[in-house]
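The values are calculated or read from the model by the stated rules, or taken from the named source; none is laboratory data. Keep in mind that what you see is a predicted model, and the values were worked out from it rather than measured. Positions of Cβ are backbone-derived with ideal geometry, glycine not excepted, and every protein chain shown enters the neighbour counts.
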Amino acid sequence: MDVNNSSYAIDDEHILWLINEVTFKTDLPAFVFIFICMILGIMGNSLTVYVYHFRMKRITQNVYITWLALFDLISCGTSIPYELFDLRFPMLYAEPVPCKLFRTVAFFTNLCSCILLLVIAFDRYRATHHVGKTTKTKLSIVMTFVLAFILSFPAPFIFGIRTVPTVYPNISGTACSFDGAIVDTPLPIVYYTMLGIVFFASFIILGIIYIKIGSTIYSWKHTQIGETDGSLHRKNSAGTVSVNSVEQESDSREEMKKNIIQRDSLVSQTIEEDNVFTVEGKNTVIESVQSDTSCFKSLLTLLPFKSSTVPSQVKLTKYSPNGSIKEETRQRSKYEKYPRSISSSSSKGSRNPRLYKRSKSIKEKANIKRANAVFASITFVFVLSYLPFLLLEILKQVGVISDDLNNRTEQSVFELFTKTMYLNNVINPFIYGILNSSFRDEIKCLFTGKIPKRRNSGSSRRKI
């Protein structure tokens, strides 16, 4: 009798194993898909964390990207391996503690990514509409963790082991899903409904913010130079006068051209004269001047002097038309007050501070546009990856989609589309590689040893 009971138990296990293998073949496309996501995600996110944390400047955008990559790396290193195990043995080996733990970790990391994308969207909006304003990055990260922890707190009580019946009586398997105690209650429907509301509300908010950001950038591209922030306003006794910054820059260039032309004419004039002045300790003839002292001073003002060519003392010998000779010695300090080069008028110290401020603003806007393109792409992929999962699970819980699909093909397609959310964990490094040239350069440097040409010589860390 005992032998028969033992034989009956072995037969049940064998039948359950066969059912498990048939179910695995149905889930094989989903298994292959998330396995590829795991491999690419671990490699890509590891490189992202290393490059953005250790080889680039720790500005706000780079800190956010580092944390997004960390969340994706945690998901690829913990949640996806357990999901692979669950797909390989859909009817066997389900244990309550690992099930609750890994499902909670997956839920927590996904919430962190969603909340952080909202934080990034508000930061991009602030950076676009208030150029130059800084954001408290550390506080934003802390708030992301706190909110994600609060929202994921019910997860350990919702997820668990449930019994999966088969076509054979008295033979059933186990699966990691909703806890068996709540599977026949309205809680699963309430859970997915609330989850859908949170994510869809986030999608709508993200869409509105990035539409506003896009409209602002569109206005930047279609605003003529000199309008709005390109105009400079000055007040005088007659009232307020709007001065175009480009006109000021044009006037400055015209004045510089006149100085150069005047210098060239004076030099050519002096070369044609016979009189010379000599430099003490030098036998070389430098220039000749026949005009008065004012002309000579004007020439000295325009000629570019370099510290390496000007001696400590200069002896001037002047020949007047009546035949008299006049010698004059001047110290080098007399010449140091003159500009060393004709381009010194446009140096950083003497250029128009308003023009410099505008030039800096243009560079900041260019950086903002590049960062916005990266984060908008990340957000778009996040929304696309989660939409199929949320829609299918909600439809399944409300009864629109039956648990028992008609054939294996429908079951395979359903299972595959419910795993599209893992696409979000692998695609971000590819977005950085496409849209961020600095990231591409650092990756090339890492694998080939060639230093990027655009890297600053003083530091290996660069902005986004």
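Quick notes on this structure:
- Scanning the stretch 50-59 for residues being in a helix (DSSP H, G or I) and crowded, with 19+ Cβ neighbours inside 10 Å gives a total of 2.
- Within the option set 45, 62, being touching a Phe, Trp or Tyr at 6+ places or on another chain (Cβ under 6 Å), assigned to a helix (DSSP H, G or I) and surrounded by 20 or more Cβ atoms within 10 Å (Cβ to Cβ) holds for one residue only, 62.
- Any hit, the stretch 178-187, residues being assigned to a strand (DSSP E or B) and at pLDDT 65 or above: yes
For (1) part of a loop (DSSP other than H, G, I, E, B); (2) outside the structural domain of residue 202 (by TED's automatic domain parsing); (3) among the charged types (D, E, K, R); (4) without any contact (Cβ under 8 Å) to a residue 40 or more places away in the chain, each residue gets a yes or a no:
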residue	(1), (2), (3), (4)
372	no, no, no, no
385	no, no, no, no
395	no, no, no, yes
409	no, no, no, yes
412	no, no, no, no
422	no, no, no, no
428	no, no, no, no
431	no, no, no, no
444	no, no, yes, yes
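- Among the residues of the stretch 160-176, some residue qualifies, meaning at least one is of a type outside the set (A, V, I, L, M), touching a strand residue (DSSP E or B) at 6+ places or on another chain (Cβ under 7 Å) and part of a loop (DSSP other than H, G, I, E, B).
- Criterion: closer than 30 Å to residue 12 by Cβ, part of a helix (DSSP H, G or I) and either touching a strand residue (DSSP E or B) at 6+ places or on another chain (Cβ under 8 Å) or not hydroxyl-bearing (Ser, Thr, Tyr) (or both) - qualifying residue of 86, 123: 86
- Residue 352 being at pLDDT 65 or above and surrounded by 15 or more Cβ atoms within 10 Å (Cβ to Cβ): no
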